[in-house]
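Everything on this sheet refers to the single structure shown next.
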Amino acid sequence: MVVATQSVNHGDEAYKIALEQYNRAAKYLVDLDDGLIEYLRYPRREFTVNFPVRRDDGRIEMYTGYRVHHNTAMGPSKGGLRFSTAVTLDEVRALAMWMTWKCALVNIPYGGAKGGVVVDPKTLSPTELERLTRRYAAELFPLMSPQMDVPAPDMGTNPQVMAWIMDTYSMTVGYSVPAIVTGKPIAIGGSEGRTEATGRGVVVCMVATLKHFGYNDPNSVRVVVQGFGNVGSHAAQYAHELGFKVTAVSDVEGGIYNPNGLDIPDVLRYVREKGRLRDYPNVDRVTNAELLQLPCDVLLPCAMENQIHVGNASHIQARFVIEGANGPTTPEADDILNDKGVYIVPDILANSGGVIVSYFEWVQDLQAFFWGKEAVFENLERILSAAYQATQHTAEKLKIDMRTAAQVSAIRRVADAIAIRGIYP
Ligand code: GLU
């Protein structure tokens with residue numbers, strides 16, 4: 001097997017990639033005011049906080065966190081919080097910009113934001129993680145509210161972290177404010193279906209793509225999934241449920257492969273018990289780099305940025321790449337894959353199921369009226385399918401790839417909103 005690896009600085013690269021994608025889309029928006037095009041290159045606000053956390057042994061340690069609001073023309077800014085040692089201001093800027101395009105593309109009334117703390121959450125005890133989360137939430141207080149900015153989970157955070165943020169905010173104002181975050185546990189105002197939403201949306205996009213290209217037998221479609229966190233594990237599970245053959249999955253330590261298809265419910269049970277894929281029995285082992293290059297029909301990169309790059313793109317064997325992660329493909333890799341005829345469904349469309357159901361959660365919280373899972377999934381599919389069709393239509397009309405088409409539609413929507421509102425003062 002050919003393995004090409006290339007080390008990249010994910011965060012700083014990510015922002016360059018976000019701007020490069022923007023520039024590529026801007027070429028198809030020549031009718032827009034140049035000043036507006038320039039405006040949308042900038043994040044509206046960037047907040048950096050340095051704060052202390054007391055460790056369980058009494059030591060005080062300093063941590064750095066960020067929250068970037070890229071744009072708020074369409075409504076409150078929306079986007080996840082990441083706890084990872086790879087977090088940089090540039091990475092958060094890129095992710096915030098992608099959130100603006102994602103929300104605009106699927107036409108939900110939000111701007112884009114992202115936040116993060118430079119920390120490996122696995123090195124903290126549960127009580128230390130709670131103190132870090134609460135202090136970070138307190139530091140963000142001036143720039144979050146249900147009308148201003150609404151965080152959600154991302155890499156390294158989860159519903160429990162959201163619960164601590166909701167509680168910290170609520171204790172400060174003196175009453176419960178469930179709409180301050182989404183991705184909360186259902187017991188405190190979370191939505192049915194939010195946990196599964198991103199992975200499910202990835203598979204909805206995969207099914208739409210396969211249908212478009214005339215693949216009608218799920219059992220003959222081999223699917224490879226990179227990443228087995230919230231997005232990858234739910235994508236693998238839903239794909240398996242629909243009868244697709246999931247042949248490989250991976251976590252940070254590496255992947256497992258069975259060309260005849262993995263028993264995904266069993267893999268999920270194993271991971272729930274052991275916390276990792278390593279040592280899962282009776283399968284071939286592959287590295288994450290090898291996994292991306294396995295023979296398959298569909299590749300679902302659901303891990304993180306910069307996984308498909310100039311060093312490995314020409315070795316990708318999949319015919320379809322559906323991006324569960326944010327920014328998994330570099331623009332150079334896009335060119336290589338497009339030339340090879342690989343069809344890419346871009347992140348801002350393919351992984352938008354998460355923020356779509358976050359929107360439902362926020363609406364339910366504001367109305368204090370909750371929906372059943374069926375209504376959540378039905379509305380998710382309706383919004384996502386409409387965005388998918390519209391993007392495909394734009395791609396065909398302008399004769400461009402799906403990523404550029406998605407960006408063009410999203411940027412136009414935000415630019416139009418700004419133009420209608422006017423430039424203040
Ligand atoms: N972190 C997720 C994303 O990248 C979800 C954001 C949200 O629900 O606000 O789309």
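Bear in mind these aren't lab numbers, they're just calculated from the coordinates by the rules spelled out. Treat the numbers as computed from the prediction; the structure is a model and nothing was measured. Positions of Cβ are generated from backbone atoms using ideal geometry, with glycine treated the same way; all protein chains shown enter the neighbour counts.
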- prompt: When the gyration tensor of the range 105-149 is built from Cα positions, what are the square roots of 5 times its three eigenvalues, in whole Å, from largest to smallest?
  reply: 27, 14, 8
- prompt: Pick from 130, 91, 374: which residue has the top mean-square fluctuation in a GNM of the chain where Cα pairs under 10 Å get a spring?
  reply: 374
task: Answer with one residue from 326, 201, 179: the one whose Cα lies farthest towards the positive end of the charge dipole of the chain, charges on Cβ with Lys, Arg +1 and Asp, Glu -1.
output: 179
message: From Cα pairs below 8 angstrom and at least 6 apart in sequence, can you work out the relative contact order of the range 146-245, rounded to a whole percent?
response: 22
- prompt: Most fluctuating residue of 150, 87, 30 in a GNM of the chain with Cα springs under 10 Å: which is it?
  reply: 30
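Mean projection of the alpha-carbon convex hull of the chain over all orientations, in nm²? Kindly include the intermediate steps, with their values, before the conclusion.
On the way: hull surface 82.1 nm².
It is 20.5 nm².
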statement: Exposure-ranked with fewest Cβ neighbours within 10 Å first, 70, 212, 309 stand as 212, 309, 70
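In which sequence would 36, 129 go, from the one with the fewest C-beta neighbours within 10 Å to the one with the most?
On the way: 36 16, 129 21.
In order of increasing Cβ crowding within 10 Å: 36, 129.
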field: DSSP beta bridges in the chain [antiparallel fraction, %, rounded to 5]
entry: 50
query: Can you list the aspartates and glutamates whose alpha carbon is less than 19 Å from that of residue 16, not counting same-chain residues fewer than 8 positions off?
result: 38, 46, 90, 91, 305, 323, 332, 334, 335, 347
- line: In the range 167-306, taking the dipole from +1 charges on Lys and Arg beta carbons and -1 charges on Asp and Glu beta carbons about the Cα centre, the listed residue (224, 243, 295) farthest towards the positive end is 243
message: Two decimals, Cα atoms only, Kirkwood Rh: what is Rg/Rh over the range 31-169?
response: 1.01
query: At q = 0.14, 0.16, 0.19 Å⁻¹, what log₁₀ I(q)/I(0) does a Debye calculation on the Cα points of the range 155-295 give, no solvent, two decimals?
result: -0.72, -0.87, -1.07
- prompt: By a straight-distance test (C-alpha under 18 Å), which aspartates and glutamates pair with residue 274 as possible cross-link partners, with residues fewer than eight away in the same chain excluded?
  reply: 251, 253, 263, 266
message: Could you order the peptides 195-201, 244-250 from most to least packed, using the average number of other C-beta atoms within 10 Å per residue?
response: 195-201, 244-250
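Starting from the coordinates of the alpha-carbon atoms of the range 251-327, obtain the Kirkwood hydrodynamic radius over all distinct pairs and give the value in Å to one decimal.
Numbers: mean 1/r = 0.0744 Å⁻¹.
So the Kirkwood estimate lands at 13.4 Å.
Normalised by the number of residues in the chain, what is the relative contact order in percent for Cα pairs under 8 Å and 6+ residues apart?
Values: 873 pairs, mean separation 73.3, N = 425.
For the chain, the relative contact order is 17 percent.
In whole percent, what relative contact order does the range 261-401 give with Cα contacts below 8 Å and a gap of six or more residues? Each step should come with its number before you reach the end.
On the way: 140 pairs, mean separation 22.0, N = 141.
Contact order relative to length: 16 percent.
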field: Residue order, fewest to most beta carbons within 10 Å, for 314, 220, 352, 77
entry: 220, 314, 77, 352
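Hey, with R₀ at 22 Å, roughly what FRET efficiency would residue 421 and residue 27 work out to, going by the Cβ-Cβ distance, to 0.05? Spell out each step's value before the answer.
Values: r = 25 Å, r/R0 = 1.14.
Given R0 = 22 Å and the Cβ-Cβ separation, E is 0.30.
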Three semi-axes of the equivalent ellipsoid, the range 90-229, Cα gyration tensor, whole Å, largest first: 32, 18, 15
message: List the pairs from 102/122; 102/184; 373/397; 102/340 whose alpha-carbon separation is above 32 Å, in the order I gave them.
response: 373/397
query: If you take the alpha carbon radius of gyration of the range 301-425 and divide it by 2.2 N^0.38 Å, what ratio comes out, to two decimals?
result: 1.25
